[in-house]
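A short worksheet on the structure shown next.
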Amino acid sequence: MTKPGVDLTPYLRQEMMPTVWCPGCGHGIIARSIATALMELGLDMDLVAIVGGIGCSGRAPFYFDANSMHTTHGRALAYATGLKMVNPGLTVIVPMGDGDAAAIGGNHLIHAARRNIDITAIIFNNSIYGMTGGQGAPTSPVDSRSTTSPLGSIEPAFDMVELALAAGATYVARTTTFDFQEMPKLITGAIRHHGFSLVEVLSQCPTYYGRLNKLGEAPDMLLYERDRTKLLEAFGPAPEITREEMVGQMPIGLFRDAERPEYIDQYHGLVARAGGGK
Amino acid sequence: MARTTLGQEVLTGGEATAHAMRQIRPDVVPIYPITPQTPIIQTFSRFVADGRVDTVLLQVESEHSAMSAAVGAALAGARTMTATASQGLALMIEVLYIASGLRAPVVMAVGNRALSAPINIHGDHSDGMLARDSGAVQIFAQDAQEAYDLMVMAPRIAEHAAVLLPVLVGQDGFSVTHSAENVSLLRDEEVQDFVGPYEIPYPLLGDRPSSQGLFAMPDSYYELKVRQAQALEAAEQVFADVGRAFALRFGRHIGAVEAYRMDGAERAIVLIGSTAGTAKDAVDALRQRGEKVGLVVVRLYRPFPHQVLAEALGGVERVAVLDRAVSPGTYPPLYSDIRAGYAGPAELRSYVYGLGGRDTAPEDIERVYRDLLVPRTAGIRYLNLMGEDQHGES
């Protein structure tokens, strides 16, 4: 955690404050954790690029004093891939919302993970589409209510960690906005990791998700995040957990931190072997 | 005449559209949220949840999926509707061309909004203009009442045997989608009776097995595309007939264009959408001062009603065509369309206004009418453009 009195303002655009996020929204906690990670890594902000999609999380790039790009819904990873390919020296971070990561942009997520390109994706998962007014998302749990599923969702939610692991991401973690001390460490590890990193943060949307699902105010929702999750370490060496068992004990922590050849390295290696790129 | 309306209710364009959908009772509605269309699907979702309409509501993972599901459902024999805006429509465009080519009569509400980049959520017609070569019927409403009425008319146009094409009913983002006005709703049973049952000639689930969209070689593709284009041309007469039937039954006439105070007009403005209300106020004020000005509002944009528009313009001397979209590298869409088909005596001038939700006030419209008094060279004039030469606008 950032110690009290630590000044994160050099990492943020003061002229963009206050943020667009609602009072009690968890996204500010995630943004702070990203800023903390950037500070701890001592990165030159001119060499950091933050590429966002659409929705509440899509506003995140506005708030960092880095290179930033606001792209289209779900496609930020594709833009970021182009950016990173021609300028591998940039640290590329992609904040993504539920829609960006799990719905419209799900395809880009799995392919970025499969290629293992050195980009850090951070999913701001608040289980709902906030910006457009609380519609159901592929991250909305079964039975949860949204303005487009007022009687409860009948679709199972995507488990973004399982998805990233299966697709080949080499650094995969999940945390919550309740775990604000752990979050910057996981994000620091993700940015430092050479390969595709994904950190899913379970965040709270008191305005829509909380209200529609009677979960109370933001502090109540933080406790809800605490109570529905369980540290990975508490499961023992090989957590075999069924989806039904996950209710109330969704594992959080670092699921994978592994080495596998990175895409851009592989690409340039291939060019070198073919005799080009002299 | 029997009383067929429920009286006036205060509704936004989005809510009024959702009511029209509820009363039409589509079989399938695939949805994906996007500002400023979301109130339409959200209100409609509530109607479904409350049991006020029995529709299969499909929450899908993108607009591309929504339109794909809509085409599948429509061809299977289901009356299908959806709604989108801006980037959502842009993403649907690939499938909109498929819908036209497969002759899937999907009806779609569009909350017209600017296109990225940079991102902007406010009203203009850039998204609609992206669809203008898709083969879909395109209609634009001026206000919430028209958004409702046109939505009620849309299935009959889309599903007409001579047409069988998707229909897009546009309403300006925020100024119509989110603005509450008095709207006169029809009775549910009147709407259902007006719309009638859904029938397409070869449903995939019908008695006759069929295949759709198979490879068309150079020996057949050309004919299919020309037939499709002819079907869109036929939609002009169908639109007029459905409009007449609507007027006979419900007392509100909605033509392909609206001529407002064009009698004896020497100067006219032609435009699309919600700025019509502003322009009517300006026309009234100028007419009060004895100026011979009028307004023509284009509702049916595809197929483009060249003849009806020429008749509406009559013997006017100078016409300002106001586009709320650009077509970089050439003249903007509405101006180009009018220019392509107009053989009358008037001098046509091109103006662009209101991109990305830039406000257009009655004074701006009055400035255009004043500008029409002055001889000008050809070129595009930009209303309310800050900090740049406005091309001699007075």
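The values are calculated or read from the model by the stated rules, or taken from the named source; none is laboratory data. These numbers were taken from a predicted model, which means no experiment stands behind them. For neighbour counting, all protein chains shown are included, and Cβ atoms are generated from backbone atoms with ideal geometry for every residue, glycine included. Just so you know, the surface numbers come from the protein's heavy atoms only, side chains and all, with ligands and any DNA or RNA stripped out. Shrake-Rupley method; radii C 1.70, N 1.55, O 1.52, S 1.80 Å.
For chain A, what relative contact order do you get, as a whole percent, if you take Cα pairs closer than 8 Å and at least 6 residues apart?
18 percent
Mind putting together the pair-distance distribution for the stretch B:257-393? All Cα pairs, 5 Å bins, whole percent per bin, short to long.
Per 5 Å bin, starting at zero, the Cα-Cα P(r) for the stretch B:257-393 comes out as 2, 10, 23, 26, 22, 13, 4, 1 percent.
List the residues whose amide H sits under 5 Å from the amide H of B:Glu181, counting only those 5 or more places along or on another chain, with H placed 1.01 Å from N in the peptide plane.
Long-range HN contacts for B:Glu181: B:Leu11, B:Thr12.
Amide H of A:Ala49: which non-local residues (sequence gap of 5 or more, or other chain) have their own amide H closer than 5 Å, using H built in the peptide plane?
Sorted by chain and number, the residues that satisfy this are A:Thr91, A:Val92, A:Ile93.
List, by residue number, every residue in the stretch B:57-75 with a reduction of 40 Å² or greater in accessible area between the chain on its own and the complete protein assembly, 1.4 Å probe.
Output list: B:Gln59, B:Glu61.
Can you tell me the 0 to 90 degree angle between the C-alpha axis of helix B:144-158 and the longest principal axis of chain B, rounded to 10?
50 degrees
Place a point 7 Å from the Cα of B:Asp193 along the Cα-to-Cβ direction; which residues of the stretch B:241-280 have their backbone N under 13 Å from it?
B:249-250
Consider just the alpha-carbon atoms of the stretch B:27-124 and return their Rg together with their Dmax, both in angstrom.
13.2, 40
Pairwise over distinct Cα atoms, reciprocal of the mean inverse distance: report the Kirkwood radius of the stretch B:220-270 in Å, one decimal place.
Radius from the Kirkwood sum: 13.7 Å.
Work out Dmax and Rg for the stretch A:9-274 from the C-alpha atoms and quote the Rg first, both in angstrom.
Cα radius of gyration and Dmax of the stretch A:9-274 are 17.6, 61 Å respectively.
Quick one: angle between helix A:106-115 and the longest Cα principal axis of chain A, in degrees between 0 and 90, rounded to 10, please.
The answer is roughly 40 degrees.
Mind running the shape call on the protein assembly as shown? Use the C-alpha gyration tensor, a ≥ b ≥ c as the square roots of the eigenvalues: rounded below 1.5 for a/c, prolate if a/b tops b/c, oblate otherwise.
Because a/c hits 1.5 or more and a/b exceeds b/c, the protein assembly as shown counts as prolate.
Mind telling me which of A:Asn116, A:Asn107, A:Asn87 comes out most flexible in a GNM of chain A, alpha-carbon contacts under 10 Å?
A:Asn87
Could you give me the ³J(HN,Hα) list for the stretch A:251-259, computed from phi with Karplus coefficients 6.51, -1.76, 1.60 and θ = phi - 60°, whole Hz, x at Gly and Pro?
After applying 6.51 cos²θ - 1.76 cosθ + 1.60, I find x, 10, x, 9, 8, 8, 9, 10, 9 Hz.
With a cut-off of 8 Å between alpha carbons and a minimum separation of six or more residues, what is the relative contact order of the stretch B:257-393 in percent?
Relative contact order comes out at 26 percent.
Gain in length, A:Asp220 to A:Leu47, computed as 0.36 nm per residue apart minus the alpha-carbon separation, to one decimal in nm?
58.4 nm
Assuming 0.36 nm per residue, please report the length gained on full extension of the stretch A:Arg114 to A:Leu232 beyond their Cα-Cα distance.
Between A:Arg114 and A:Leu232, full extension yields 40.1 nm more.
Once the dipole of the protein assembly as shown is set up with Lys and Arg at +1 and Asp and Glu at -1 on Cβ about the Cα centre, which of B:Pro305, B:Gly341, B:Met21 lies farthest towards its positive end?
Ranked along the dipole, the leading option is B:Gly341.
Per residue, what volume in Å³ does the Cα convex hull of chain B take up?
147 Å³
May I ask you to evaluate 6.51 cos²θ - 1.76 cosθ + 1.60, the Karplus curve with θ = phi - 60°, for each residue of the stretch A:26-36 and list the ³J(HN,Hα) values in order in whole Hz, giving x for glycine and proline?
x, 5, x, 5, 5, 4, 4, 5, 5, 4, 4
Nearest 100 Å² is fine: what is the total accessible surface buried where chains A and B meet, probe 1.4 Å?
The buried area between A and B, both sides summed, comes to about 1400 Å².
With a/c under 1.5 counting as rounded, go ahead and sort the stretch B:49-176 into rounded, prolate or oblate using the C-alpha gyration tensor (a ≥ b ≥ c being the square roots of the eigenvalues; past the cut-off, prolate if a/b is larger than b/c, else oblate).
Rounded, since a/c falls under 1.5.
Take each of the peptides B:292-305, B:309-322, average the number of other beta-carbon atoms within 10 Å over its residues, and list them starting from the highest.
B:292-305, B:309-322
On average, how much area does the Cα convex hull of the stretch A:1-73 cover when viewed from any direction, in nm²?
Mean shadow area of the hull around the Cα atoms is 5.0 nm².
Sorted by average packing, counted as other Cβ atoms within 10 angstrom per residue and highest first, what order do B:169-176, A:149-156 take?
Ranked by mean Cβ neighbours within 10 Å, highest first: B:169-176, A:149-156.
Translational diffusion coefficient, Stokes-Einstein: compute it for the stretch B:82-143 using the Kirkwood radius over C-alpha pairs as Rh, at 4 °C and 1.567 mPa s, and state it as an integer in µm² s⁻¹.
Translational D for this selection: 109 µm²/s.
Let me test this: with uniform point scatterers at the alpha carbons of the stretch B:125-201, what is the Debye-based log₁₀ I(q)/I(0) at q = 0.24, 0.26 1/Å?
Log-scaled intensity ratios, in q order: -1.15, -1.21.
Give me the mean projected area, in nm² to one decimal, of the convex hull enclosing the Cα positions of the stretch A:83-204.
7.5 nm²
Average partner chain C-beta neighbours within 10 Å, per residue of B:115-122?
Rounded to a whole number, the mean comes out at 2.
Residues of A:101-107, mean number of Cβ from any other protein chain within 10 Å of their own Cβ, rounded to a whole number?
3
For chain A, set up a GNM with springs between Cα atoms under 10 Å and report which of A:Gln204, A:Gln135, A:Gln14 has the largest fluctuation.
Highest fluctuation of the listed residues: A:Gln14.
I'd like to compare A:94-103, B:83-92, B:18-27: which one has the highest average count of other Cβ atoms within 10 Å, and what's the full order after that?
Output ranking for A:94-103, B:83-92, B:18-27: A:94-103, B:83-92, B:18-27.
What is the mean number of Cβ atoms from other protein chains located within 10 Å of the Cβ atom of each residue in peptide B:27-38, rounded to a whole number?
4
Run the accessible area of the protein assembly as shown with a 1.4 Å probe and give the carbon-and-sulfur part as a rounded percent.
Ligands and nucleic acids excluded, carbon and sulfur reach 54 percent.
For B:Val296, which sequence-distant residues (separation of 5 or more, or a different chain) have an amide H within less than 5 Å of its own amide H, given hydrogens modelled in the peptide plane?
B:Tyr260, B:Ile269, B:Val270, B:Leu271
With the contact rule set at Cα under 8 Å and sequence spacing of 6 or more, what percent relative contact order holds for chain B?
After rounding, I find 16 percent.
Could you run the Karplus curve 6.51 cos²θ - 1.76 cosθ + 1.60 with θ = phi - 60° over the stretch B:194-211 and give me ³J(HN,Hα) per residue in whole Hz, x for Gly and Pro?
Residue by residue, the stretch B:194-211 yields 5, 6, x, x, 7, 9, 10, x, 10, x, 4, 9, x, 6, 9, x, 9, 10 Hz.
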